[in-house]
1. Going through the range 49-81 one residue at a time, which ones are aliphatic (A, V, I, L, M), open to solvent by 50 Å² or more (accessible area, probe 1.4 Å) and touching a Ser or Thr at 6+ places or on another chain (Cβ under 8 Å)?
2. Return the total of residues in the range 1-24 being open to solvent by less than 70 Å² (accessible area, probe 1.4 Å) and without any contact (Cβ under 8 Å) to a residue 24 or more places away in the chain.
3. Name the pairs: first residue in the range 54-75 and in contact (Cβ under 8 Å) with a residue 60 or more places away in the chain, second residue assigned to a strand (DSSP E or B), Cβ to Cβ under 6 Å, at least 6 apart or on different chains?
4. Give the residues of the range 25-36 that are open to solvent by 40 Å² or more (accessible area, probe 1.4 Å) and either assigned to a loop (DSSP other than H, G, I, E, B) or out of contact with any Gly (no Cβ under 9 Å at 6 or more places or on another chain) (or both), sorted by residue number.
5. Looking for something assigned to a strand (DSSP E or B) and either modelled with pLDDT of 90 or more or over 10 Å from the mean Cα position of the chain (by Cα) (or both) - is there at least one such residue anywhere in the range 43-58?
6. Collect the residues in the range 8-24 that are in a strand (DSSP E or B) and either out of contact with any Lys or Arg (no Cβ under 7 Å at 6 or more places or on another chain) or not hydrophobic (A, V, I, L, M, F, W, C) (or both), keeping them in residue-number order.
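The values are calculated or read from the model by the stated rules, or taken from the named source; none is laboratory data. The model shown is predicted, which means the values in this text are computed figures rather than measured ones. Here Cβ is always computed from backbone atoms with ideal geometry, including for glycine, and neighbour counts include all displayed protein chains. What goes into the accessible areas is simple: the full protein's heavy atoms, side chains included, and nothing from ligands, DNA or RNA. Shrake-Rupley method; radii C 1.70, N 1.55, O 1.52, S 1.80 Å.
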Amino acid sequence: MTDTIRIDLDTIRVYRNKSEYRTTQRARSSLGHEIVGDGFIVSKLAAILRKENPQFDGLLEVYRGDNPCFIPTPLKTAFRKGPQPKQLRKEAA
């Protein structure tokens, strides 16, 4: 197993019928897991990864395209209740 697990974020179309759709969020892990929906899908996926890989001591990285969304953090503490990892923000010019 590698020393990092990567989650990639994007949006997909969810169709109500042939002509009506909306976009919704999708999170896919480098281990093959995928969650589609609204709300806190990254924390849900992190919980699944922790449950299936309790011995994993590496980092969790979250990206949207080529852009990192969060500072890489250990999977064991990522997105648990309590203090959250800091989001990366653009610096004010």
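1. We begin by selecting, within the range 49-81, every residue aliphatic (A, V, I, L, M); these are 49, 59-60, 62, 71, 75, 78.
Next, only the ones that are open to solvent by 50 Å² or more (accessible area, probe 1.4 Å) stay: 59, 71.
Result: Leu59, single match.
2. Pass one, the range 1-24, residues open to solvent by less than 70 Å² (accessible area, probe 1.4 Å): 4-5, 7-10, 12, 14, 24.
Next, from what is left, pick out any that are without any contact (Cβ under 8 Å) to a residue 24 or more places away in the chain: 14, 24.
Qualifying residue count for the region: 2.
3. Taking only residues 6 or more apart or on different chains, the pairs are Cys69/Val62; Pro72/Leu59; Pro72/Glu61; Leu75/Leu60.
4. Hits for the range 25-36 are Arg28, Ser30, Leu31, Gly32, His33, Glu34, Val36.
5. Within the range 43-58, not a single residue is assigned to a strand (DSSP E or B) and either modelled with pLDDT of 90 or more or over 10 Å from the mean Cα position of the chain (by Cα) (or both).
6. Asp8, Asp10, Thr11, Arg13, Tyr15, Tyr21, Arg22, Thr23, Thr24
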